[in-house]
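A.B. asks: Mind having a look at this structure? Questions to follow.
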Amino acid sequence: MFLKICEILSLWMIPMLILLIILVGFIRKVKVYEAFTEGAAEGFYTSVKIMPFLIVNAGLNLTETPVGN
């Protein structure tokens, strides 16, 4: 019984969270789509900004030899 309830909750949790965020935005009279696109643009800018560090870090991880060999 408990596992069935957890399964149902896990199936609906993310869609309900998204719906709740949109509803709260409308209630507070926030322009939800504009706020979403503005946040997405900032996120894209941040990802472009940190990309060189991620590439260098991935390169360093590939050149390291495993311990014990």
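A.B. asks: Among the residues of the range 24-38, write down those that are open to solvent by 90 Å² or more (accessible area, probe 1.4 Å) and either assigned to a helix (DSSP H, G or I) or at positive phi (or both).
C.D. replies: Answer for the range 24-38, where residues must be open to solvent by 90 Å² or more (accessible area, probe 1.4 Å) and either assigned to a helix (DSSP H, G or I) or at positive phi (or both): Phe26, Ile27, Lys29, Tyr33, Glu34, Phe36, Glu38.
A.B. asks: Out of (1) modelled with pLDDT of 90 or more; (2) aromatic (Phe, Trp, Tyr); (3) exposed (fewer than 10 other Cβ atoms within 10 Å of the Cβ), the odd one out for Phe53 is which?
C.D. replies: For Phe53, the exception is condition (1).
A.B. asks: Of the conditions (1) surrounded by 10 or more Cβ atoms within 10 Å (Cβ to Cβ); (2) assigned to a helix (DSSP H, G or I); (3) more than 17 Å from the chain's Cα centre (by Cα), Ala41 clears all except one; give me its number.
C.D. replies: Here Ala41 meets the rest and fails (3).
The values are calculated or read from the model by the stated rules, or taken from the named source; none is laboratory data. Source: prediction; values computed, not measured. Neighbour counts run over all protein chains shown; Cβ positions are idealised from the backbone, glycine included. Side chains are part of the model used for accessible areas, which takes the heavy atoms of the whole protein and leaves out ligands, DNA and RNA. Shrake-Rupley method; radii C 1.70, N 1.55, O 1.52, S 1.80 Å.
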